[in-house]
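What follows is a short report on a single structure.
The values are calculated or read from the model by the stated rules, or taken from the named source; none is laboratory data. In this text, all values refer to a predicted model and were calculated from it rather than measured experimentally. Glycine also receives a Cβ, built like all others from the backbone with ideal geometry; neighbour counts cover every protein chain displayed.
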Amino acid sequence: MLARLRAVAPPQGNLQGRNFMEKKEKKEEVIPTKIFGVKTTTGQEKNVARLVAAKIEMNNIPIKAILVPETLRGYVFMEAEGPHFVEEAIVGIRHVRSRIPGIVSFSEIERYIVRKPVIEELSENDIVEVTGGPFKGMRAKITRIDKAKAEVTLELLEATFTLPITVHSDYVKLVEKAKTQSGEK
């Protein structure tokens, strides 16, 4: 019996047997995944992600990741090997409208993953809205930007007299870009 097993198994010195095994291992390691978009009811993105995550866990559906971008409302992105896995995960889930046909490239959703600091988008004379503190909800014009401290100095537009206030850049939201001298925004 032992002699018969040795005859069936490839000899240790055979390079073809090793190359075959190495190729098989490489194929298993490098499985290209694709990103698919799912349209949802606006405002229900996190609920959809939670429900889909629970369904994935219960049914062992091979979905690698779920992305719910804060700035893009009404969409959830899923990373999977094929669209049929995404379809299987979203079927029967409330607030799911449809799967977007095709594949979403990474460059298209990269801006939602890498968050740029707010201060990078601001410039002097921009119109902003204060989102926190005692001046919450008021509109203001930026007079000075301190990028080192991440602070902006503002002049409130809705105040009766101009009083410069300095707030952290996280507490302002850009409303309107300043017009340049050539008239462009």
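Data table
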read-out: Single unsatisfied condition, Pro101 versus (1) touching an Asp or Glu at 6+ places or on another chain (Cβ under 9 Å); (2) under 30 Å from Val52 (Cα atoms); value: (1)
read-out: Residue ranges of strands (runs of 3 or more DSSP E) in region 50-164 with at least 3 members of a type outside the set (Phe, Trp, Tyr), in contact (Cβ under 8 Å) with a residue 40 or more places away in the chain and crowded, with 16+ Cβ neighbours inside 10 Å; value: 75-80, 127-130
read-out: Residues of region 42-90 satisfying the condition of being hydroxyl-bearing (Ser, Thr, Tyr) and under 15 Å from Val104 (Cα atoms); value: Tyr75
read-out: Residue satisfying condition, being among the β-branched types (Val, Ile, Thr) and not assigned by TED's automatic domain parsing to the domain that holds Ile165, within set Thr131, Thr40; value: Thr40
